[in-house]
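Below is one structure, written out as structure tokens; the observations come after it.
The values are calculated or read from the model by the stated rules, or taken from the named source; none is laboratory data. Every value quoted in this text rests on a predicted model; they were computed, and no experiment measured them. Counting neighbours? That spans all protein chains shown, and the Cβs are built from the backbone with ideal geometry, glycine included. The protein model used for the area step is the full one, side chains on, heavy atoms only, and it has no ligands, DNA or RNA in it. Shrake-Rupley method; radii C 1.70, N 1.55, O 1.52, S 1.80 Å.
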Amino acid sequence: INRKLVSFQANKNTPLYRLFSYKEGFSAELVKNFISDYPKENGTILDPFAGSGTTLFSAKECNFNSIGIELLPVGEFAIFARIASENVNTVELKREISKLYKVQFDKYPIDEKYSFKHIPITQDAFPPETERKLNGFLTLLNTELNSEQIKIILSFAAYSILEKISYTRKDGQFLRWDIRSGRERATFNKGKI
């Protein structure tokens, strides 16, 4: 056991998890190590704080059943995205992704019902042209795609890059703001967004 193993850092090479930074989590390898030390070859694991589902999916890979409880919507969303990624028709997913390259999201008609929902701390977090494209993308997902699995996967992809396309950077439990955001306490330049 090392520091990387007991943090989410070891998941950086794990499909889906490398897209999503869940700093409160731990690695799939840590769970698999604990399961391999268990004297039985199968069973059921209860994770009352499932987070992004690391324990649930690691248990499945080790032929254990699992039950998870998660109250935070972000964790639940990550779990549903992982389930969708395991069950999606990859040919259909590739076809839908190739169509997206042809769309000009800055001109795509926006339905406010599907736009990014701000909370006070995220207000003005994006450059206007970036938020316009994001909302065009979210509208397209919800109005033109028939596959729920593909919608979930592509929504997850969009939400996993929010920090990269914003004027913000997570700094502990706070957000640091780029000086271009216009926020009073903004102190750094993030560079190209």
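Could you give the dipole magnitude of the chain about its Cα centre, charging the beta-carbon of Lys and Arg +1 and that of Asp and Glu -1, in debye to the nearest 20?
Working: 28 positive and 23 negative charges, 155 e Å.
It works out to roughly 740 debye.
Compute the helix-to-body angle for 148-160: its Cα long axis versus the longest principal axis of the chain, expressed 0 to 90° and rounded to tens.
The two axes meet at around 70 degrees.
Can you pull the accessible area of residue 99 for me, 1.4 Å probe, Å² to the nearest 10?
100
Can you give me the angle between helix 90-100 and the longest principal axis of the chain, using Cα atoms only, in degrees from 0 to 90, rounded to the nearest 10?
20
In whole Hz and in residue order, list the ³J(HN,Hα) couplings for segment 59-65 that follow from phi through the Karplus curve 6.51 cos²θ - 1.76 cosθ + 1.60, θ = phi - 60°; x for Gly and Pro.
4, 4, 5, 9, 6, 9, 7
Leaving out ligands and nucleic acids, and using a 1.4 Å probe, what accessible area per residue does the chain come to in Å²?
Details: 12520 Å² over 193 residues.
Result: 65 Å² per residue.
List the pair-distance distribution P(r) of segment 83-193, using every Cα-Cα distance, as the percent of pairs falling in each 5 Å bin from 0 up to the bin containing the longest distance, rounded to whole percents.
2, 11, 19, 21, 16, 13, 10, 6, 2, 0
Quick one: which residues, 5 or more positions from residue 66 or on another chain, have an amide H under 5 Å from its amide H? H modelled 1.01 Å from N in the peptide plane, none for Pro or chain starts.
It is 45, by chain and number.
For segment 133-193, list log₁₀ I(q)/I(0) at each q in 0.19, 0.20 Å⁻¹, using the Debye formula over Cα point scatterers of equal strength and ignoring solvent, two decimals each.
-0.75, -0.79
What net charge is computed for the residues neighbouring residue 127, neighbours being all others with C-beta under 10 Å from the C-beta of residue 127, Lys and Arg scored +1, Asp and Glu -1?
Working: positive: 132, 133, 180; negative: 124, 129, 131, 178.
That sum, taken over residues with Cβ under 10 Å, equals -1.
Would you work out which of 83, 174, 66 lies farthest towards the positive end of the dipole of the chain, given +1 charges on the beta-carbon of Lys and Arg and -1 on that of Asp and Glu, about the Cα centre?
Value: 174.
For the chain, find the longest principal axis of its Cα atoms and tell me its angle to the long axis of helix 28-37, 0 to 90°, nearest 10.
That works out to roughly 10 degrees.
From the C-alpha gyration tensor of segment 47-142, pull out the three semi-axes of the equivalent ellipsoid (sqrt of 5λ each), sorted largest to smallest, in whole Å.
32, 20, 9
Averaging the inverse of every distinct alpha carbon separation and then flipping it gives the Kirkwood radius. What is it for the chain, in angstrom units?
That comes to 18.7 Å for the chain.
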